[in-house]
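The values are calculated or read from the model by the stated rules, or taken from the named source; none is laboratory data. No experiment lies behind these values; they were computed from the predicted model shown. In this analysis, Cβ positions are derived from the backbone assuming ideal geometry, glycine residues included, and neighbour counts consider all displayed protein chains.
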Amino acid sequence: MRLTVIGAGPGGYESALEALKRGFDVTLVSDGPVGGTCLNEGCIPTKCLCRNAEFLEDLSMAGEFGVEASWKVDFSRVMARKEQVIGELRSGVEFLLRKLDLVYGKAEIKDGGTVVVGDREIESDFILIATGSVSASLPIPGAELCVSSKEMLSLEEVPRRLCVIGAGVIGLEFASIYRAFGSEVTVLEYCRDILPRFDTDLSKRLKQTLLKKGISIVTSAKVEAVEKQGSALSVRYVSKEKPFVVEADTVLMAVGRRPALESIDFASAGIETTPRGVVVNRYMETSLPGVYAVGDITGGIMLAHAAVFQGKRALNHIAAGCPSSGDVDGIDLGLVPAVVFTSPEAAMVGKTEEDCVSEGLKFRVLKSFFRANGKAKSAGAPEGYCKIIVSEEEGKILGCHLFGAHASDLIEEIAVAMAAGMTARELSEVIHPHPTLSEVILSALDS
Ligand code: NAD
């Protein structure tokens with residue numbers, strides 16, 4: 001069987017590799033470096049900067065045991081390390097892709113079995129689209145003076161004053177990173193709380209922790225314009241009907257991403273789209289038979305790991321003979337852990353308390369605090385909170401929301417327990433090693 005994959009981000013290249021493993025003849029078309037946004041200008045470079053930022057935070061703790069900690073960062077070396085990591089990982093991906101037909105160029109879809117790249121026509125039984133997303137911007141005067149997450153990953157120097165528009169995942173990650181590097185950071189968020197899609201209780205508590213780190217956060221702030229004032233920028237916003245101005249050297253626009261609907265001429269190909277993305281069914285099939293789409297291009301949850309599992313779903317559907325109903329695998333595409341690499345990290349999986357209320361569910365909330373955890377305390381990371389929501393009657397785990405050291409790793413325990421349909425009691429009967437951060441979860445379960 002032949003498969004053509006368009007787009008070489010995690011959704012595309014992981015699906016292409018999985019298809020290869022399953023015996024497909026695979027062509028992968030990419031109009032940019034393999035690895036896509038995630039590897040080249042998203043998750044991976046951000047994590048490099050997060051690590052450097054974390055190291056600086058640790059250095060400032062060193063004074064507690066008598067180490068004179070005064071530092072000056074050579075930012076060009078921070079960026080060089082990031083480039084090196086990207087380069088090594090990209091070579092690794094290129095090495096893995098050597099067994100398939102990798103074509104560089106812009107793809108168009110001629111029909112359900114033909115992809116055109118330049119003057120080459122690639123015939124296949126199935127096509128999988130994974131062309132991703134692009135940064136969104138606000139329709140305000142001066143929006144072009146702002147930078148996106150991509151430019152934030154290649155600044156030449158640490159901005160003295162950074163203003164971030166949007167307290168979502170991207171905004172808060174860069175606020176944390178650049179605060180650790182010494183920037184004065186102000187975050188302006190339109191909604192009442194930071195991370196509006198997260199559990200409100202968690203957002204409020206995380207906000208307090210970020211404020212303590214010296215990040216200024218203004219919620220219910222409507223940004224109206226960005227203006228140039230000499231070499232600096234002024235960000236004008238309205239809050240509680242009063243006008244305010246923040247002066248900054250760099251302004252990050254982080255108000256979301258949108259599907260890259262201009263990546264392919266979907267209308268000519270006969271593939272249905274809405275402004276939210278390419279329309280797909282539960283099997284990731286588009287409106288054009290034989291053509292699947294996964295990842296950010298389909299809108300919804302824009303996360304690399306979601307894209308990868310959507311790709312597995314599409315391949316499982318093909319392997320099952322493309323049925324129009326029934327299950328083709330045991331993957332629950334509704335159960336997607338989400339992680340924010342702030343300092344400390346935040347993570348969630350499942351329903352928020354607000355979801356449970358709006359769905360009329362009867363539930364209980366179990367809580368614990370990192371400050372009562374021996375490992376967190378001894379590691380000098382007492383800030384953090386874990387909240388597990390369980391159904392009132394059965395005690396099934398409905399969701400978990402936490403922030404604190406290594407929250408991004410801790411959340412997976414709950415994702416596994418939820419996928420297995422475990423109750424809080426059943427999970428609390430599994431022995432957790434001591435002293436570890438995983439006991440934060442155990443403490444919540446036992447609370
Ligand atoms: P987001 O949707 O997470 O957050 C955008 C924020 O901007 C929201 O809080 C929103 O209320 C706010 N906003 C919107 N209009 C505004 C205005 N006029 N003034 C002030 N604030 C305004 O989007 P993002 O942070 O840009 O991230 C884009 C996508 O990339 C998301 O889907 C995210 O999940 C994904 N991403 C994930 C990770 C990760 O998994 N760690 C990291 C980066 C990005």
Point to revise | Qualifying residues in the range 137-152 (those that are more than 16 Å from residue 168 (Cα to Cα) and part of a helix (DSSP H, G or I)) - the one nearest to the chain's Cα centre (by Cα) | key: 151
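Every residue, every condition in (1) over 25 Å from residue 420 (Cβ atoms); (2) β-branched (Val, Ile, Thr); (3) in contact with a Lys or Arg (Cβ under 7 Å, 6 or more places away or on another chain), yes or no:
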{"position": "332", "(1), (2), (3)": "no, no, no"}
{"position": "349", "(1), (2), (3)": "no, yes, no"}
{"position": "358", "(1), (2), (3)": "yes, no, no"}
{"position": "363", "(1), (2), (3)": "no, no, no"}
{"position": "370", "(1), (2), (3)": "yes, no, no"}
Check your understanding: If you take the residues in the range 236-286 that are among the hydroxyl-bearing types (Ser, Thr, Tyr) and either at pLDDT below 95 or exposed (fewer than 13 other Cβ atoms within 10 Å of the Cβ) (or both), which one is farthest from residue 164 (Cα to Cα)?
Key -> 268
Check your understanding: For the range 122-150, how many residues meet the condition of being of a type in the set (A, V, I, L, M, F, W, C) and within 11 Å of the ligand (Cβ to nearest atom)?
Key -> 5
**Study point:** Sole residue being within 30 Å of residue 194 (Cα to Cα) and in contact with a helix residue (DSSP H, G or I) (Cβ under 8 Å, 6 or more places away or on another chain), chosen from 351, 367
**Key:** 367
Practice item. Exactly one condition in (1) more than 21 Å from the chain's Cα centre (by Cα); (2) not in a loop (DSSP other than H, G, I, E, B) is not met by residue 361; state its number. Key: (2)
Check your understanding: Assuming residue 65 fulfils every condition listed in (1) in contact (Cβ under 8 Å) with a residue 60 or more places away in the chain; (2) more than 16 Å from the ligand (Cβ to nearest atom); (3) surrounded by fewer than 18 Cβ atoms within 10 Å (Cβ to Cβ) apart from one, which condition is it?
Key -> (1)
Exercise for review: Sort through 182, 171, 166 and tell me the only one that's outside the structural domain of residue 51 (by TED's automatic domain parsing), at positive phi and either near the ligand (Cβ under 10 Å from one of its atoms) or within 23 Å of the chain's Cα centre (by Cα) (or both).
Suggested key: 166
Review point. Does residue 408 meet the test of being of a type in the set (Ser, Thr, Tyr), in a helix (DSSP H, G or I) and modelled with pLDDT of 95 or more?
Key: yes
Review point. For the subset of the range 278-315 comprising residues that are polar (S, T, N, Q) and without any contact (Cβ under 8 Å) to a residue 24 or more places away in the chain, which member is farthest from the ligand (Cβ to nearest atom)?
Key: 287
Point to revise | Flag for residue 215 being farther than 17 Å from residue 51 by Cα and buried (at least 23 other Cβ atoms within 10 Å of the Cβ) | key: yes
Revision key, fill the gap. Per the list (1) part of a strand (DSSP E or B); (2) touching an Asp or Glu at 6+ places or on another chain (Cβ under 8 Å), residue check on residue 315 breaks on (1)
Revision key, fill the gap. Apart from one, (1) surrounded by fewer than 24 Cβ atoms within 10 Å (Cβ to Cβ); (2) over 28 Å from residue 72 (Cα atoms); (3) among the aliphatic types (A, V, I, L, M) all hold for residue 194; the odd one out is (1)
